[in-house]
Amino acid sequence: MVRFFHISETRKMLENVKRGSDLEVQRVHEVLNKIIDELMGRDDIMINLVDIRSFDEALFSHSVNVAILSVITGLELHFPQDQLRSLATGALLHDVGLLFCADEDHPKVGRDVLEKNGFEDSSVLLAVHHHHEWWNGAGYPGGLSGKDISRLARIIAVANTFDNMSANNKYPMEKVIEHIMAMSGTQFDPQSARAFVQCVSFYPVGTRVELNTGSSGFVVETNRGFPTRPIVRIDQNLYGPLTPAIDVNLVEHPAYFIVRRVGDEERQGEADDT
């Protein structure tokens, strides 16, 4: 899978910077071009959020995840190629300052590192500097608000929050998405939050799920903009198998909701037995 290349190359770059080496601008661009080319080649840019959290939780993996999520959001917003490249660069390097400090100074330190290494794209520098600013002005380091915050940083902020909250299954993905939607207009730029939610999915087709009714079945279609409410083909209820199976669109039935992925708990049980 191509993403293993992205992760290994990002790891090397960040480790070299931490040791005092210069950040290789050309190498960064090569990684980003592969990410962008891969994503632009998809017929459907909705991405399975289960897969994107399947790697380890080190800084380099977080950086790649945020870059991928940011580019997908940029595609949803119809960014041109050059703007996608700047977005991907800022997202991939948004936390480079954490290699040198672990506090609220890291956005500024990250920008300084990039300037020192020859990054001249002001949109990338601002994206790194602003990615912890809040739409309502409550963020840091500058307390900026609204459109004073770099547009790229507003997108990266959403992707960054998603990836941090979902790391190590800290929160269920349903709760993470609910948080992003609830903080739209407060922490997040509403346009960026809406675009993110429009193009993500964490119940991919084929996933077996159980509903709050006790029925279970397989996801047969995702609903764009409603990542927690796919169309489910119910093949079993509390009384046994259903023949024929019934398709239930959870968007049209708000009283029904998914309570668990059936395979997730089975795999967890297997892990607990080892």
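The values are calculated or read from the model by the stated rules, or taken from the named source; none is laboratory data. Owing to the predicted nature of the structure, the values given are computational and were not obtained by experimental measurement. For neighbour counting, all protein chains shown are included, and Cβ atoms are generated from backbone atoms with ideal geometry for every residue, glycine included. When the accessible area is computed, the model is the full protein with side chains, heavy atoms only, and any ligands, DNA or RNA have been set aside. Shrake-Rupley method; radii C 1.70, N 1.55, O 1.52, S 1.80 Å.
Quick notes on this structure:
- Residues (open to solvent by 10 Å² or more (accessible area, probe 1.4 Å), of a type in the set (A, V, I, L, M, F, W, C) and in a loop (DSSP other than H, G, I, E, B)) located in the range 169-202: 183
- So residue 164, is it under 30 Å from residue 79 (Cα atoms), open to solvent by less than 40 Å² (accessible area, probe 1.4 Å) and touching a residue at least 24 places away in the same chain (Cβ under 8 Å): no
- Cβ pairs under 9 Å, 6+ apart, first in the range 106-123 and at negative phi and in a helix (DSSP H, G or I), second open to solvent by 40 Å² or more (accessible area, probe 1.4 Å) and of a type in the set (Ser, Thr, Tyr): 107/140
- Residue count for the range 206-221, restricted to those that are in a strand (DSSP E or B), in contact (Cβ under 8 Å) with a residue 24 or more places away in the chain, open to solvent by less than 40 Å² (accessible area, probe 1.4 Å) and under 24 Å from residue 179 (Cα atoms): 2.
- Test set (1) farther than 30 Å from residue 82 by Cβ; (2) open to solvent by 10 Å² or more (accessible area, probe 1.4 Å) - residue 142 fails condition number: (1)
- Flag for residue 154 being among the basic types (Lys, Arg), under 20 Å from residue 83 (Cα atoms), under 14 Å from the mean Cα position of the chain (by Cα) and open to solvent by 40 Å² or more (accessible area, probe 1.4 Å): no
- Consider the range 89-132 and keep the residues that are in contact with a Gly (Cβ under 8 Å, 6 or more places away or on another chain) and among the small types (Gly, Ala, Ser). The one that is surrounded by the most Cβ atoms within 10 Å (Cβ to Cβ) is 127.
- Annotation: of all residues in the range 222-246 being assigned to a strand (DSSP E or B) and loosely packed, with under 15 Cβ neighbours inside 10 Å, the one that is modelled with the lowest pLDDT is 243.
- For the range 126-134, the criterion of being in contact (Cβ under 8 Å) with a residue 40 or more places away in the chain, closer than 18 Å to residue 69 by Cβ and in a loop (DSSP other than H, G, I, E, B) is met by at least one residue.
- Selection count where residues are closer than 17 Å to residue 173 by Cα and of a type outside the set (S, T, N, Q), scope the range 219-234: 7
- Members of the range 194-216 found to be touching a Lys or Arg at 6+ places or on another chain (Cβ under 9 Å) and of a type in the set (A, V, I, L, M), listed by number: 209
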